[in-house]
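What follows is one structure encoded as structure tokens, with my remarks underneath.
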Amino acid sequence: MSLNSFGHLFRVTTWGESHGPALGATVDGCPPGVEIREEELQVWLDKRRPGQNKHTTQRREPDAVEILSGVFEGKSTGTPIQLMIRNTDQRSKDYGDIAETFRPGHADIAYHQKYGLRDYRGGGRSSARETAARVAAGGVARAALAALLPELKITGYMVQMGEKVIDRSKIDMEEIARNDFWCPDAAAAAEWADYLDALRKDHNSVGAMIEVTASGVPAGLGAPVYGKLDTDLAAAMMSINAVKGVEIGEGMAAAALTGRDNADEIFMGANGPEYGSNHAGGVLGGISSGQDVVVRFAVKPTSSILSPRRSIRIDGSPTEVVTKGRHDPCVGIRAVPVAEAMMACVLLDHYLLDRGQTGSARGRIG
């Protein structure tokens, strides 16, 4: 299987399976001299870790990250950083019944059609457990960004669960850490808890919408025509398990706007250009404008549900599937720290690319 890497100068390769002995990431291109410690990376992994509340899978994994190379005396050396996370709570027996059966909504049938075999234990490489490695790599990217762009801040949150949407007039970013849903609207979070409980008891699941913003992004990241910042951001978010759509800024809603409404007016401020709105999501012509970079993506409902669904076996015979095991009733909840990690990796990559091409050169305004 190829294409397990992403990034250009800051490059991440993930490896491992859901029910193998371990999974991890090889991070290449991290600048030397960046302070990186296991306990600091662990902070981000703990945010994604399963089994922390009743609204997520009850698989109990400590997700303890180990740094095997590329760091000496607490600082990056400029050589590849190898990160490993051991699997400790696999229950492969939960998947014995589907060894010869394709689960509806899963990658089972597509993997079989492409490779002629598949790891049926939790989906193997297609499992969302792979994202733990991305979060670890994102921790490295955050450490480098903290040193290179200390004003940059990345914040992810849920804006929709099923048909229930937050009230943007009530957004309070302090609320994100106070509920199980990364939700910036306290009233919505309380409603979502009851909503998800009912779905779980009904052996069902639901999709979600995640938004991640990056403030303090300098103007000039990204390049035309095939090196656009939003191109790589969209690809990064789309690569996350269960993501079915990605938007930058206004996204799909821009189709309903007029040009007069959509154009972000520009003014000269005391410290440079300022904008009257941010429909563009902080990216113009594939290059960051200095505004907040805003990315949004839709996550499909968890396909692993206890409700029976019709399918077929490898021999083509019909069957009915009830997916056993421990699964998230809404995978969007744990997708938030993954989205933040991918944003960090892409922004660091493009910062290094820009620094290599233009140095500190910038067009003067005013």
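Tell me, in nm to one decimal, what length is gained between Leu257 and Met173 on full extension, where the rule is 0.36 nm per residue of separation less the Cα-Cα distance?
Gain on extension, Leu257 to Met173, equals 27.5 nm.
Could you tell me what percent of the accessible area of the chain is made up of carbon and sulfur, with a 1.4 Å probe and every protein chain present?
52 percent
Using Cα pairs under 8 angstrom and six or more residues apart, how large is the relative contact order of region 8-358, in percent?
Contact order relative to length: 22 percent.
For the chain, with every protein chain kept in place, what is the accessible area per residue (1.4 Å probe, Å²)?
Working: 17520 Å² over 366 residues.
Per-residue accessible area for the chain comes out at 48 Å².
Check Ala22: other-chain or 5+ apart residues with amide H under 5 Å from its amide H, H built from backbone geometry?
Close amide H contacts, sequence-distant or interchain: Glu17, Asn87.
What list of ³J(HN,Hα) values in whole Hz, one per residue of region 303-309 in order, does the Karplus curve 6.51 cos²θ - 1.76 cosθ + 1.60 (θ = phi - 60°) give from phi, with Gly and Pro shown as x?
Along region 303-309, the couplings run 6, 7, 10, 7, 6, x, 10 Hz.
Is region 73-203 rounded, prolate or oblate when judged by the Cα gyration tensor, a ≥ b ≥ c being the square roots of its eigenvalues, rounded requiring a/c under 1.5 and prolate requiring a/b larger than b/c?
oblate
For region 131-146 and region 232-282, what is the separation of their C-alpha centers, rounded to whole Å?
24 Å
Find out how many positive minus negative residues lie around Arg37, taking Lys and Arg as positive, Asp and Glu as negative, among other residues whose Cβ is under 14 Å from that of Arg37.
-4
What ranking, highest mean first, results for peptides 310-323, 74-87 when packing means the other Cβ atoms within 10 Å averaged over each residue?
Numbers: 310-323: 12.9, 74-87: 18.3.
Most protected by this proxy first, the peptides run 74-87, 310-323.
With θ taken as phi - 60° and the coefficients 6.51, -1.76 and 1.60, list the Karplus ³J(HN,Hα) couplings across region 40-45 in order, rounded to whole Hz; mark glycine and proline as x.
Listing the rounded values in order: 6, 5, 5, 4, 6, 5 Hz.
Would you mind putting 303-309, 9-15, 114-120 in packing order, based on average other-beta-carbon counts within 10 Å, highest first?
Ranked from most to least packed, the peptides come out as 9-15, 303-309, 114-120.
Compute the FRET efficiency between Lys75 and Glu39 as 1/(1 + (r/R0)^6), taking r as their Cβ-Cβ distance and R0 = 22 Å, and round to the nearest 0.05.
Values: r = 15 Å, r/R0 = 0.67.
Calculated transfer efficiency: 0.90.
Taking the highest mean first, how do the peptides 279-291, 339-351, 165-177, 187-199 order by number of other beta carbon atoms within 10 angstrom per residue?
The densest-packed peptide leads the list: 339-351, 279-291, 187-199, 165-177.
Taking amide hydrogens as modeled 1.01 Å from N in the peptide plane, which residues meet the under 5 Å criterion relative to Ala64, leaving out close sequence neighbours?
Amide H to amide H, under 5 Å and 5 or more residues apart or across chains, Ala64 pairs with Arg86.
Per residue of region 218-231, what does 6.51 cos²θ - 1.76 cosθ + 1.60 with θ = phi - 60° give for ³J(HN,Hα)? Whole Hz please, x for Gly and Pro, Karplus curve as stated.
Whole-Hz 3J(HN,Hα) from phi for region 218-231: x, 5, x, 7, x, 8, x, 9, 9, x, 5, 4, 6, 4.
Which links in Lys47/Lys153; Lys170/Lys244; Lys164/Lys228; Lys47/Lys244 stretch past 21 Å when you go from one Cα to the other?
Too far apart for the 21 Å limit: Lys170/Lys244; Lys164/Lys228; Lys47/Lys244.
Taking a ≥ b ≥ c as the square roots of the eigenvalues of the Cα gyration tensor of region 174-265, is the shape rounded (a/c under 1.5), prolate (a/b larger than b/c) or oblate?
It comes out prolate by the Cα gyration axes.
The values are calculated or read from the model by the stated rules, or taken from the named source; none is laboratory data. If you're wondering where the values come from, they're calculated on a predicted model, not measured in any experiment. Ideal geometry is used to build each Cβ from the backbone, glycine not excepted, and the neighbour counts take in all protein chains shown. The accessibility values were calculated without ligands, DNA or RNA, using every heavy atom of the protein model including side chains. Shrake-Rupley method; radii C 1.70, N 1.55, O 1.52, S 1.80 Å.
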